[in-house]
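Following: one structure in structure tokens, then a few remarks.
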Amino acid sequence: MPDDHAMDEAQRTPLFALHESLKARMAPFAGWALPIQYPSGILREHAAAREAAALFDVSHMGQAFLRPKSGKLKGAMLALETLAPVSVAGLAEGRQRYGLFTSPEGGILDDFMFANLGDALFIVVNAARREHDFGHLRAHLSDACELEELTDRALIALQGPKAEAAMMALGARVGEMRFMDVAETALAGVPCLVSRSGYTGEDGFEISLPADRAEGVAEALLEQPGVAPAGLGARDSLRLEAGLCLYGSDIDETTSPVEAGLPWAIQKIRRRGGAREGGFPGAERILEELESGPARLRVGLLPEGRAPMRAPTPVFASEDAAEPIGTVVSGAFGPTLGGPMAMAYVPTDHATPGTRLYGEVRGKRLPAQVASLPFVPHQYKR
Amino acid sequence: MTKYTEEHEWLDLDGDIVTVGITEHAAEQLGDIVFIELPEIGDEVAAGAEVSTIESVKAASDISAPIDGEIVEVNDKIVENPALVNEDPTGAGWFFRMKIADAGALDEFMDEDEYKAFIE
């Protein structure tokens, strides 16, 4: 049941009235009133993203421009590299990349997306970490950068194989865009900042646009063939099938990027021997783990039975082992997978795909196999 | 005679056999159901004991035995196809049948009107 007090306190996105008119079941999430699901239900919303197109309101996420004080973007890019173990300066104009803020201990403070717009970086962070992240950027980068928080913009994700056609039918020039391209284009007559990306494993777009025009654009998209609204419930089952991390569940200050299986996010140029090696918080631990391997790893788990293994299901090496070796951090039923799926942290010597482990669910040790991620193949347009 | 519990179960009494399922309200609140675990036939269960588990796409919840009794029949169809509970919670989506010693024990539960008032 929704917490009434938290709902009263929750901030409303520019699409709140639209959610109500679509009879969404609303709940507080990271301080925002958001749709959990619409009357069609999570399974149908999930299927829409995989087979047609699903529209998500992700306006709760924090959006900002990071501008160089010098006038040269390179200054802002190199400044951001002091907080994140990624190659920012190597990102071409019109491209987007996944990034991580790390702590001095090598944990993850947040994950985020950043794009090179030529004269500024466009940054999108998690709603629950918005204040932290923007405070963090101001505290450390103020000498080199100006941070402009975009509080008057909405963010809409349109995900699925029919997303491109829906966008183009409304005049958006996205046909030439590849995965992680970013461009300014008009959608239904409204100037938008569009990236070909998302968090479902499908081809699709994230659309940043003026808050006061968001409802009209969302309605126009929902009128396109195959486009259905989808809530946080489907967003979670989609991202888990795609093997993507949810900050606060799968990654946090206690997990390093290498343990989390995110070494691909750390480009060679920031690693040992690279031209811009280290120079980010926690570099000592993270660079060492990249070379020697971490003690534990985030892995996929496929329960052999039908029972979902939800967080924090303890994971054991055998049916009768006394102590758990790890814990499930995300677990649910995968609608496209057609069965339960989970992600867990386990010691590296138990992390090989095919290894049989046991999750304890309601007092019973149930077998599950370590599986490669993603559970459902990505369909990005590369 | 159909009775209702505060845990959103419906109880249908026929002789000394009670059929147990979840209400339409409960099925709607749970959302799409994807996994169900049922008790074993022959289980002697006490009122309040957790005898069945429902997992929806959102969360797990338990079904407890409404009264003391013995499980005499379970609906395997909902194990194979949990969506049946969403489609027809008060019919084809029943959970289990139990034999009870004291039919009078059902008197304490709500009738339909009381249950309707309860969920409002």
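Below are the figures for this structure:
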item: Relative contact order for chain A, counting Cα pairs under 8 Å that sit 6 or more residues apart, in percent; result: 17 percent
item: Ellipticity estimate at 222 nm from DSSP helix runs (n ≥ 4, -39,500 (n - 2.57)) divided over chain A, nearest 500; result: -6000 deg cm²/dmol
item: Average other protein chain Cβ within 10 Å of Cβ, residues B:4-17; result: 0
item: Helix-derived mean residue ellipticity, 222 nm - over chain B, DSSP H n ≥ 4, -39500 (n - 2.57), to 500; result: -5000 deg cm²/dmol
item: Alpha-carbon centroids, segment A:341-366 and segment A:195-217: separation in whole Å; result: 36 Å
item: Segment A:1-87: trypsin sites (Lys or Arg not before Pro) in DSSP coil with no more than 16 other Cβ atoms inside 10 Å; result: A:Lys23, A:Lys69, A:Lys72
item: Sparse-neighbour loop sites [GluC sites (Glu not before Pro); segment A:81-153; at most 13 other C-beta within 10 Å; DSSP]; result: A:Glu93, A:Glu105
item: Under 14 Å, Cβ to Cβ, from B:Glu7 - net charge with Lys/Arg +1 and Asp/Glu -1; result: -4
item: Shielding by other protein chains, A:308-320, mean Cβ within 10 Å; result: 1
item: DSSP-assigned coil residues among trypsin sites (Lys or Arg not before Pro) in segment A:120-223, each with at most 15 further Cβ atoms within 10 Å; result: A:Arg173, A:Arg178
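Read-outs throughout are calculated quantities, based only on the coordinates presented, and are distinct from any laboratory measurement. Because the structure is predicted, anything quoted here is derived from the model rather than measured. Here Cβ is always computed from backbone atoms with ideal geometry, including for glycine, and neighbour counts include all displayed protein chains.
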